[in-house]
Structure formats: structure tokens, C-alpha cells
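Reviewing the structure listed below.
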Amino acid sequence: MDYSSFLKAAARVKPSARQAEFLKNPFYAFVHFSPNTYTGREWGLGNEDPAIFNPTELDCDQWVEAIKSAGMTGMILTAKHHDGFCLWQSRYTEHCMKNSPYKNGRGDVVREAAEACRRGGIRFGFYLSPWDRNSRYYGTDAYNDYYKNQLTELLTGYGDIFCVWFDNACGEGPNGKKQVYDFDGYIELIRKYQPNACIFNDYGPDTRWIGNESGTARYEEWMVVPHELCFRAEKQTDGPLTEGSLNGIYNTWGDLGSQELIRYSRGLAFCPSEVDMSIRPGWFYHPEEEPHSLERLMRTYMTSVGGSALFNLNIPPMPSGRFDPRDVQRLKEFGDALKEAFGQELSVPHTVAREDVSETQCVFRIDFAEETAVNYIALREDISQGQRVERFVIESDGSRLTDGTTVGNLRICPLKGAKTRQLKLWIVAARDHVPSLDIRLY
Ligand code: FUL
């Protein structure tokens, strides 16, 4: 394919209906809870006694209230982490709630969490770790059946699932063997039972890992990425067949979507990235740890949600089964700060006029009725049409305030209270006709 046709095709790589829906609510919670909560480990060994898992004051409604207070709209629970302990009544193992003293072995944390989400009006999803340090099947074909049986229990017994999260962690099981995961089979099952659920994995199909666990998002984040990276997602166009290769491409690369990179791809897929980080240093609860500062959480939000990525923020319950009051307070402060920043758009009357400069450039002129202080400008592309904007500049009364690269699902630009009568948003480069842009001022 010649390069200019390739670029036009790149501009038309589109989200699936389930991805487009998922991107409307990009901020949700992770909840890491397992025997690790009681041993202080981050990766359990798999030989923990199920009797240590005993959340005597379990209160999933408290989780949901805290999650909602931060403005999050979903929860992904570790139904099973690497230690293999299942937080529900699985028919396929004894290493589960059946052998926990909680509710005399009749407890089901997955059910309590799912029901609390439903009551509180947020979405529910789960993380089912493929790596399992307990299962005696691990390292054999029988393990893939075991995993699929458990997936089926979770996909069919707990109502609508908005996200199924699984990583590629693949260590040794109890018999010293590693497992070859049947990801295609897992994905098929999820599509069968929960066709609207988005599937997270390093390589797609629906969302992908940002590449670190510290909440650091890329300055330039593309949802349209080489199929060599997201090979579990649908390839929507071929590459331009430029000589070279993207072998070895991984989520940790600094650039995954610029023209300089995609020109070497053999095809493109649509797959937004997810920033996953914990509110504390660990994924699991450790009493000596403190939640991160409000500033750090705000910065992460601005660069993830505000940088066309998703934000999955983990809050680990304490051994009692409740969230730590310090985390509850930080989540509330976070939600209040977000409301303060974005709760209300600027009320000063203004007009927005668009003028096309060329096929792939345009300028939006925003005129205010009076001098106005602007804290943020938030931009959105109509991503149902694909992702196109490559570079923009924002000027106030003729001088540059800020500039950036991608817009995508949402680009929040802090303008730090700049006083202005007229803002100009120049779209300096786009992959095709500049799409219609949603512009909001705060
Ligand atoms: C990783 C795991 O190894 C960590 O323990 C944690 O669950 C993180 C979210 O994903 O792959």
C-alpha cells in the first residue's frame, strides 16, 4: 500500500462498539484481595492455608461508596490472584472460600462485591490470574480446562461483567512447570458468555497495558497501534510495507503510535491503553504503607484519563474486609478535587468558530464576552471515526499557552487560570480531515 493510502487507512481504524462504550467511563477501580492480605506478601506461594482468609467485617458496600466518592464507575476484583485462592465457591477446587472460616465456608466475596456494585450503580468485573501457584493441573493441558471452567463460573453466575482482566504472568506452578495459556480459548469463552465485556491483556484484544505500574502515562498516547503489539485485536488495515520490522515491540516502548513508528508496521489495530496503579505502594494491603498524595493521584488522572488512556486505580481491603479509613479519605479528597476542577464548565458566554486552513489543518477560535480565567481546556475527538489529531497548539490573544500531540478519547490541557479574551486552538497536523472536536472549558 502506498504511504498516503496507508495514512488515510490509519485514520479510519475504529473502536468496536464495546471499546467505544468502555471509553465513555475511563476511570474505575481495582481491588486486590487474597490470602496475601493476611500474609503481607505481594505474590502468594500457593500453599497458604485457606483458613487464614477470614474477612470478619467484610463490607463491599463500603468499598463501593469509597470508589464512587472518587468518581470511579466500576470495580475489578481479583477473583483469583497468582496464589490460586478463589474468592468464590468454585466447584473445581478446594483452594477457595469453601475452606475459609468466613460464613462457615459458605462465603462468596465475588458475589458480595458484584451485588454491592449493582446496588451502588457501578459496573463489576474480575481479574482471574492465569498464573496459578496452587493448581495441581498447572503446566498441563488440563489446566486450560480448569481455567476455562472457572472463567465459566464467573461469567455465568454474577450478572453483567464489564471487564475481564488478565495478565501474562507465567511463573512456575507447584510442580515446577510453566503453562502454555490458551488465550484464544479464554477469549472465545468470554465473547460467548459476556459479549459486552472488554478484555484487558498486554496484547489486547480490547484494552492493553500502559507498560508500567507507577501511573506514568505517555505524553503521546495512541489508541491506534501496530498489530505486532496488539495481535489479539482485529487487524483493521495492512501496513505500508516500509522495509524494516517491529519485532520485539512491547508495551514498555516510549512510542507506540507515531508515524515514525507505524510506518514500519505490518498492520494496525485499535486498542486503548490502561494505566493501572495502586493507591499505595503495594497491590495488596500492608498496614505500614500510606496512600499516595492527592497531588500524585491528580497528576495521574490528568495524564491518563486526560491523555486518552484508561485509569484503573487499586484500593486493597484490610484483613477485616474493609477499606482503610486513610484510603477512604484520600478517595473522597480525590473525588472532591475532580469535581472542583471539572464539575462545572465555564459559564462566561463565548462563541466557537472553526476555520479550515487545509485538508488536514484547522483553527478553532473561541471568543469570550469578557476577559476570562481558564483553568482547563478539554478536547475530544469523535473516536467513532478513528483517531486523527497529531499535533495542536493553544494560543491566547496571540501568544502560545500550551501545545501537544494526540487528542483521542480526551485531552485535558491545564491552562493554569490564564486570563484571556480569545483562545485559538490550532490543529497543526492530522492524519486526515480534522474530525469534529468536542471542546470544553473549565
Ligand atoms: C501483575 C501482577 O503480577 C501483580 O501482582 C498485580 O496483580 C498487577 C496488577 O498485575 O501482573
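In deg cm²/dmol and to the nearest 500, what is the mean residue ellipticity at 222 nm of the chain if only DSSP H runs of at least 4 residues count, each as -39500 (n - 2.57), divided by the residue total? Walk me through the intermediate numbers first.
Details: 10 runs with 102 residues, N = 442.
One gets -7000 deg cm²/dmol as the mean residue ellipticity at 222 nm.
When the chain is modelled as a GNM with alpha-carbon springs shorter than 10 Å, which of ILE52, ILE199, ILE76 fluctuates the most?
Of ILE52, ILE199, ILE76, the most mobile in the Gaussian network model is ILE52.
How far is helix 183-193 tilted off the main Cα axis of the chain, in degrees rounded to 10, range 0 to 90?
On a 0 to 90 degree scale, this one is about 90.
Taking N as the number of residues in the chain, what is its Cα Rg relative to 2.2 N^0.38 Å? Display every interim value, and only then the final one.
Values: Rg = 23.1 Å, N = 442, 2.2 N^0.38 = 22.3 Å.
The chain yields a ratio of 1.04.
At what distance in angstrom do the alpha carbon centres of the range 364-403 and the range 64-112 lie from each other?
What the calculation gives is 44 Å, centre to centre.
Under the rule of at least 5 residues apart or a separate chain, name every residue whose amide H is placed under 5 Å from the amide H of GLY74.
Excluding prolines and chain starts, which carry no amide H, the hits are ALA29, ARG123.
In the chain, what percentage of the DSSP-assigned beta bridges are antiparallel, given to the nearest 5?
Numbers: 45 of 72 bridges.
Close to 60 percent.
Whole-Hz Karplus ³J(HN,Hα) for the range 134-142, in order, using 6.51 cos²θ - 1.76 cosθ + 1.60 and θ = phi - 60°, x for Gly and Pro?
These are the phi-based 3J(HN,Hα) values: 10, 5, 6, 7, 4, x, 10, 4, 4 Hz.
Between beta-carbons, use under 14 Å as the cut-off and find the net charge around GLU172, counting Lys and Arg +1, Asp and Glu -1. Write out the running numbers ahead of the final one.
Details: positive: ARG133, ARG136, LYS177, LYS178; negative: ASP83, ASP132.
With Lys, Arg at +1 and Asp, Glu at -1, the neighbours total +2.
Using only Cα atoms, locate the centre of the range 124-154 and the centre of the range 408-442, then give the distance between them in Å, rounded to an integer.
First find each Cα centre; the distance between them is then 46 Å.
Under 5 Å between amide hydrogens, which residues at least 5 positions from GLU390 or on another chain qualify, with H placed 1.01 Å from N in the peptide plane?
HN-HN under 5 Å from GLU390: ALA429, ALA430, ARG431.
Would you pull out the residues with amide H under 5 Å of SER273's amide H, same chain only if 5 or more places away, H placed 1.01 Å from N?
ARG208, LEU310
Alpha carbon centre of the range 226-271 versus the range 322-358: separation in Å?
So the two Cα centres are separated by 33 Å.
How big is the range 371-442 by Rg and Dmax over its Cα atoms, in Å?
Both quantities, over Cα of the range 371-442: 12.0, 35 Å.
Between Rg and the Kirkwood Rh of the range 1-137, both from Cα atoms, what is the Rg to Rh ratio? Walk me through the intermediate numbers first.
Numbers: Rg = 19.3 Å, Rh = 16.9 Å.
That ratio is 1.14, to two decimals.
Among LYS24/LYS68; LYS14/LYS235; LYS68/LYS148; LYS80/LYS148; LYS98/LYS148, which pairs are too far apart, with a Cα-Cα distance over 22 Å?
On the way: LYS24/LYS68 16 Å; LYS14/LYS235 11 Å; LYS68/LYS148 32 Å; LYS80/LYS148 13 Å; LYS98/LYS148 20 Å.
Table pairs above 22 Å Cα-Cα are LYS68/LYS148.
Sort PHE323, PHE85, PHE126 by Cβ crowding within 10 Å, fewest neighbours at the top.
Working: PHE323 23, PHE85 30, PHE126 27.
With the sparsest Cβ surroundings first, the list reads PHE323, PHE126, PHE85.
In the chain, which cysteines lack any other cysteine Cβ under 4.7 Å from their own?
If one checks each Cβ against the other cysteines of the chain, CYS60, CYS117, CYS163, CYS170, CYS198, CYS362, CYS413 turn up with nothing under 4.7 Å.
For MET1, MET277, what ranking results if the residue with the fewest other Cβ atoms within 10 Å of its Cβ goes first?
On the way: MET1 13, MET277 23.
Listing MET1, MET277 from fewest to most nearby Cβ atoms yields MET1, MET277.
May I ask you to sort SER399, SER308 by Cβ crowding, counting other Cβ atoms within 10 Å and putting the fewest first?
Working: SER399 8, SER308 29.
Listing SER399, SER308 from fewest to most nearby Cβ atoms yields SER399, SER308.
Suppose we keep just the DSSP beta bridges with both residues in the range 235-364; what percent of those would be antiparallel, to 5? All intermediate terms of the calculation are to be shown ahead of the outcome.
Details: 6 of 11 bridges.
Antiparallel: roughly 55 percent of the beta bridges in the range 235-364.
Just so you know, all these numbers are worked out from the coordinates, no wet-lab data involved. Owing to the predicted nature of the structure, the values given are computational and were not obtained by experimental measurement. Neighbour counts run over all protein chains shown; Cβ positions are idealised from the backbone, glycine included.
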